[in-house]
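Below: the structure, in structure tokens.
Just so it is clear, none of the values below were taken in a lab; they were calculated from the coordinates. Predicted model only: the values in this text are computed from it and were never measured. Neighbour counts run over all protein chains shown; Cβ positions are idealised from the backbone, glycine included.
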Amino acid sequence: MRQGNWKLYLVLLAVCGFLGACDPYAYYPARSQSVAPPPGSAPAPAGQAAPAPAPDLARQVQDLQVRVQQLESRLAAKEASEYPPPATSRRAPEGPRPKTTAAPAGYPPPAGNQEKVYVEGYRLYQKKNYASARDKFAKYLQSQPRGPKAPEARYYLAFSFQHEGKHQEAAMEFNKLVTQYPKSNLAPGAMKQQALAYKAQNQTKLYRGTLDKLVKAYPGSPEAQEAKTFLKEGGR
């Protein structure tokens, strides 16, 4: 029993001697190396470990921002490759648009019943219903003062006054026809009837003056030849 204890003591002494010969910090390299403190800093008190250096937060934030920008650029490039923008077609330059001319003042668009009004007035004129005929002709001229039948309507309107002995009104209407439609084939006859309306009112000066205008304005017309004859007769 004592012999076994003696052997155990020898083993323990051998182990202690071996451990004493070894560096107790060899197995802990982090503790065996001392870190030099930064210049200007106070040395750590004895028995207290030196604090670890503070991380550079500003630099880390800057690195993160750079990485985010790189990721955004890569994502945009990927989306552009997967979804290319639609191709835009080139259109030829448009030329100047034609200007639309408005209808002249006092010239309303033609209506379907306007010709009917003129026809009704002419029928009444043939029946010698001159007052009703004038109403129809005046209605046509009011709605269509420059319509296709305007010269004829003015001509028969003036003649209806002439047939009723209203020579002054007749002369005015004949003068309107000549003034408004000087190139109409009814203009020479209207000027002749205008002169006769002055003669019926004993307005000799106006009568002769109208005959002179007729000869000068329409020299080749039959009415101009008649006017010359009336002038040779002394304007009677």
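Positive contributions from Lys and Arg (+1) and negative ones from Asp and Glu (-1), summed over other residues with Cβ under 13 Å from the Cβ of Lys128, come out at +2. Convex hull volume of the C-alpha atoms in the stretch 110-164, normalised per residue: 57 Å³.
Return the subset of Lys166/Lys216; Lys116/Lys216; Lys128/Lys199; Lys139/Lys183; Lys128/Lys192 for which the Cα-Cα distance in this structure is over 30 Å, preserving the input order.
Correct reply: Lys116/Lys216.
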